[in-house]
Amino acid sequence: MLVYVVTKDKQPLMPCTPVIARLLLKQERVKVKRRKPFTIQLLYETTKYKQDLELAVDTGSGKLATAVRTEQDEIVYLSEVAVRNDITGKMTERRTKRRSRRHRKTRYRKPRFDNRRNLKRKNRFSPTMQSKIHSHVKEIEYIKSILPITRIILETGQFNPHRMKNPALANPNIRHWGYQKGPNYGYENTRAMVLDRDNHQCQYCHGKRKDRHLEVHHIVFRSQGGSDDAKNLITLCHTCHQALHKGKIRLDLEGMEKGTLKYATQMNSIRKQLLRRYPEAIETYGYITKANRLAMDLPKEHYIDACVIATEGRPFTINSLLYRKKCVSAGDFQQYHGKRSEIRQATGKIMGFRKYDKVRYFGKYYFIKGRMSTGYAVLMDINGDTVKFSDMPWGFKTPKLERMERIQARSTWMVMSEEVTPNIV
């Protein structure tokens, strides 16, 4: 495998073999800059000879993969990054706790609506989209800091959510007017369309209750992720609507959850922002990558797609470990816990360890998922799954912090490496 090299002024050079790195370390001519991936920094001046390296990025809303190839179609860097999709839930939880705390401990304050300046800012993205775009940019810039990249290829996706929602638009006879006359064409809003679709009649009692007050009901409740699409809406009278929410009656209908097209929408935004930040990048598409991968008879993996993008369908050799990364939050922001938030949460170190620290325990590498003030810990793998030690002897079933060795301090991503098949023919 390779060792990455940077100059005295932190400019990237071509990687070297572990033998050369070991000799330079023994002669004290270099120092270790980073442990994973292993990177050394020269302590003396040298020439800045570089070869042409090409960086391929397989963009994604859930995972992204990168591969760097040389002119000899040799992969010298390979990574797969899992981006965050938990920001919306965390912000909702934070908002709930904040409102509860203010209700308990502060006086009533009249709501103000003139301090929403951030919502009116141009080119504003939601926190989720900011995190996803930042994950792509961070990985690209990191690779450029350890390898002299001369060209970037981005596999992006252009999605048409309107056509994905209504496949009938593929018909040429419908396409020319279908984009202008949607399902709500001629109606004030979706509610008016649903009422007209149901003939202004309750779909449960069919007017037998003689309640003229009609309401539109979500089949899959909005609190359970129900969509505002017409497929998830039904007309009910006020009496039936109230009885339904009280559990007195029941509807045997299948609704629709929201967010089925949110990843397609996110990919459109990610593509636009990456091309704006890297205007010199070359753009390619998924159907080209798929055709090349099937022609080479390769399995469907994100890092395999990145290699195929980098070599443009030619055979390649992998001379790098696969670095699996997972983006995590920068710190622990919960300060208290308990029924009334009366217990102080330990956000600092416990016996020298913090959450998400990478540790070595009985010869294997894990990440700290939770710590106890009594000196015990809960460990997890790179995917966030809790590791069980039930097969260990008595006294070792719950890991102790004193038996662990900290390998890497907490960062904004967790990193693990593994070997992959070296030759793809």
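At-a-glance table
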item	result
Filter result (open to solvent by 30 Å² or more (accessible area, probe 1.4 Å) and of a type in the set (D, E, K, R)) within the range 151-206	151, 163, 165, 175, 181, 188, 191, 196, 197
Options 89, 62; residue that is touching a residue at least 24 places away in the same chain (Cβ under 8 Å), of a type in the set (Gly, Ala, Ser) and within 28 Å of residue 416 (Cβ to Cβ)	62
Qualifying residues in the range 366-425 (those that are among the hydroxyl-bearing types (Ser, Thr, Tyr) and in contact with a helix residue (DSSP H, G or I) (Cβ under 9 Å, 6 or more places away or on another chain)) - the one nearest to residue 352 (Cα to Cα)	376
Residue check for residue 310: aliphatic (A, V, I, L, M), out of contact with any helix residue (DSSP H, G or I) (no Cβ under 7 Å at 6 or more places or on another chain) and open to solvent by 40 Å² or more (accessible area, probe 1.4 Å)	no
Only listed residue being of a type in the set (D, E, K, R), at pLDDT 90 or above and outside any helix (DSSP H, G or I), chosen from 151, 124	151
Test: residue 103 is within 29 Å of the chain's Cα centre (by Cα) and surrounded by fewer than 20 Cβ atoms within 10 Å (Cβ to Cβ)	no
Contacts under 7 angstrom Cβ, first residue in the range 261-277 being of a type in the set (Lys, Arg) and modelled with pLDDT under 90, partner outside any helix (DSSP H, G or I) and surrounded by 15 or more Cβ atoms within 10 Å (Cβ to Cβ), 6 or more apart	none
Residue in the range 78-94 that is open to solvent by 70 Å² or more (accessible area, probe 1.4 Å), closer than 30 Å to residue 305 by Cα and in a loop (DSSP other than H, G, I, E, B) present	yes
Any hit, the range 317-333, residues being touching a helix residue (DSSP H, G or I) at 6+ places or on another chain (Cβ under 7 Å) and closer than 20 Å to residue 93 by Cβ	yes
First in the range 21-36 and under 24 Å from residue 417 (Cα atoms), second anywhere and among the basic types (Lys, Arg), Cβ under 9 Å, 6 or more apart	23/29; 25/31; 33/10; 36/358
Those strands (runs of 3 or more DSSP E) lying entirely in the range 212-288 with at least 3 residues over 30 Å from residue 125 (Cβ atoms) and open to solvent by less than 40 Å² (accessible area, probe 1.4 Å)	214-218, 233-237
Strands (runs of 3 or more DSSP E) wholly inside the range 325-425 containing at least 1 residues that are surrounded by fewer than 16 Cβ atoms within 10 Å (Cβ to Cβ) and of a type in the set (Asp, Glu)	405-408, 413-418
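The values are calculated or read from the model by the stated rules, or taken from the named source; none is laboratory data. Please read all numbers here as calculations on a predicted model, not as lab measurements. Here the Cβ is made from the backbone with ideal geometry for all residues, glycine too, and neighbour counts use every protein chain on show. These accessible areas exclude ligands, DNA and RNA; they are computed on the full protein's heavy atoms, side chains included. Shrake-Rupley method; radii C 1.70, N 1.55, O 1.52, S 1.80 Å.
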